[in-house]
Amino acid sequence: MKSLLSLFLISFIWCQSIHELEMEKYKNQVRTGLDIIISEKVEMIKEKNIGLVTNHTGIDRNGKSNYDILMKLDDVHLKSIFSPEHGFFGNVSGGRKVDDRQLDDFPTIYSLYGKTRKPTPVMLEGLDIIIYDIQDVGARFYTYISTLGLVMEAAGEAGIPVIVLDRPNPLGGEKIEGPVLDMNFKSFVGMYPIPIRYGLTVGELAKMIIGEKWITAIPDLTVIEMEGWERDRYFNETGLPWITPSPNIPDLETAFLYPGMALLEAIPIVSEGRGTNHPFNWIGAPWINGRKLSQIMNNKNLPGVEFEPVTFTPESIPGKALNPKYEHEKCHGVSIKIIDYRQFESVLTGIHLIAAIRQLYPNYFETKSSLSRLWGNNDLDQLSSLDINQDELLLSYQRSIQQFKTIALKYYLYE
């Protein structure tokens, strides 16, 4: 009898613990703007002809696609879809143009990374409202936010209201890194005067774009806020499923590395890991001594990160990397390991790594003009010929970053 009672108590405690864990998981579950509009505000879009700006990342917290949800709702009319870089399915390599698509029993999919990057009046004809629902990564040169601004501008010109369904900034909303874009270097990989890592959700950024008049025509904007997201929460703390936002951002660690390591795309003699399963994580070239480079980088004691030697051979990967740097060639370099997300500074790490490679191999080193567009000014133009103190350079941006923070605070939706 005693053993049965003990077994019952153990079973009860175990079940209670499981219940508490499930409740804690539910408590920490963020509800996105998509979850909120469908469950609580669907009347906003009933009897409306909708244009949906989205891709494969537009899912609810159960993993169901926004277009699938909308197409099954009564009195909601999804008329067209607009897709950004990498296409509607997110399986097109970066920089490759994407064509419009027409699938059976499906709205027309207009590409905003093909013949045009801004919706045309013909594309918008007959629409009552435009909904934007894409997962961003929180870096200025990630082009989904450029598409956001161009869509809102086109909507403003056409007199069509815009609804942004908010989603978390995977990198949180507290840490800000890198220079504020000098608008003399404005391009599709940098359209707004914001830092590289800007610390806003896409809904907050949309409000800032309109509030600061960074586009020429202003639409009526509604942001459907998330529930449960706070500024200090990273994506792995939201309880939401991770969906690869683009082919070379396979996981959250890569998203954290991206704001700094993407600068290496403008260093033509160094592979940033495209053509491997570790893009922006494995950095190297055939002529680099990985052990020496890793020692130099570890001796810098950069916050939240360690470096290990690595050898890899880039190969073309359909839908991910075509003709990557040093294709079929064995490269040596470093693997970057984030050991503390809250301390890690991607931009600082990126320019220290670039400077270390330049220091070790000055005869190989060169940069492309795109470095200024990514960096946001021409401060790094002389990187190949001059010594630059990376810490002092970043420190010089603190005043403009503080000015940005002061302005951005007006558009915060979350504490």
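No lab work stands behind these numbers, since they all come straight from the coordinates. Bear in mind the structure is a predicted one, so any value in this text is a computation, not a measurement. A quick note on method: Cβ atoms are made from the backbone with ideal geometry, for glycine too, and the neighbour counts reach across all protein chains shown.
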For Gly172, the residues 5 or more places away or on another chain with a placed amide H closer than 5 Å to its own amide H are Phe235
Modelling each spin label as a point 7 Å along the Cα-to-Cβ direction, I'd like the Leu322/Arg231 distance in nm, to one decimal. 4.3
Expressed in angstrom, Rg and Dmax over the Cα atoms of the range 83-235 are 15.4, 46
If you take every DSSP beta bridge fully contained in the chain, what fraction is antiparallel? Give it as a percent rounded to 5. 50
Per the Kirkwood definition applied to all pairs of different Cα atoms, how many angstroms is the hydrodynamic radius of the range 308-412? 16.8
Can you tell me the relative contact order of the chain? Whole percent, Cα pairs under 8 Å, sequence separation 6 or more. 15
Go through Ile130, Thr222, Tyr192 and say which Cα lies farthest out towards the positive end of the charge dipole of the chain; charges sit on Cβ, +1 for Lys and Arg, -1 for Asp and Glu. Tyr192
How big is the range 227-330 along each principal axis, measuring the range of its Cα positions in Å and listing the largest first? 50, 38, 20
Based on a Kirkwood Rh over C-alpha pairs, give the Stokes-Einstein translational diffusion coefficient of the chain at 37 °C and viscosity 0.692 mPa s in µm²/s. 144
Give the lysines reachable from Lys72 as a straight Cα distance under 20 Å; neighbours fewer than 8 places away on the same chain don't count. Lys41, Lys46, Lys48, Lys64
Cα centre as origin, Lys/Arg/Asp/Glu Cβ charges: the range 252-384 dipole, Debye: 120
If R0 = 25 Å, then Tyr364 and Asn301, at their Cβ-Cβ distance, give a FRET efficiency to the nearest 0.05 of 0.45
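Output the relative contact order of the range 46-105, whole-number percent, from Cα pairs under 8 angstrom with separation of 6+ residues.
Computed value for the range 46-105: 36 percent relative contact order.
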Listed by chain and number, the lysines with an alpha carbon less than 24 angstrom from that of Lys330, same-chain partners under 8 positions apart left out, are Lys292, Lys320, Lys368
Which of Pro168, Tyr234, Thr367 sits closest to the plus end of the dipole of the chain, meaning its Cα is farthest towards the positive end, when Lys and Arg get +1 and Asp and Glu get -1 on the C-beta? Thr367
Under unit Cβ charges (Lys, Arg +1; Asp, Glu -1), what dipole magnitude, rounded to 20 debye, does the chain have relative to its Cα centre? 720
So what is the relative contact order of the range 278-379, in percent, for Cα pairs below 8 Å that sit 6 or more residues apart? 30
Nitroxide proxy distance, nm - points 7 Å out along Cα→Cβ at Glu392 and Asp220: 5.5
Rounded to whole Å, √(5λ) for the Cα gyration tensor eigenvalues of the range 106-148, largest first, gives 22, 13, 10
With viscosity set to 0.890 mPa s and temperature to 25 °C, compute the Stokes-Einstein D of the range 252-384, Rh being the Kirkwood radius across alpha carbon pairs; µm²/s, no decimals. 167
Using the charge dipole of the chain (Lys, Arg: +1 at Cβ; Asp, Glu: -1 at Cβ; taken about the Cα centre), state which of Leu394, Tyr414, Phe256 has its Cα farthest towards the positive end. Leu394
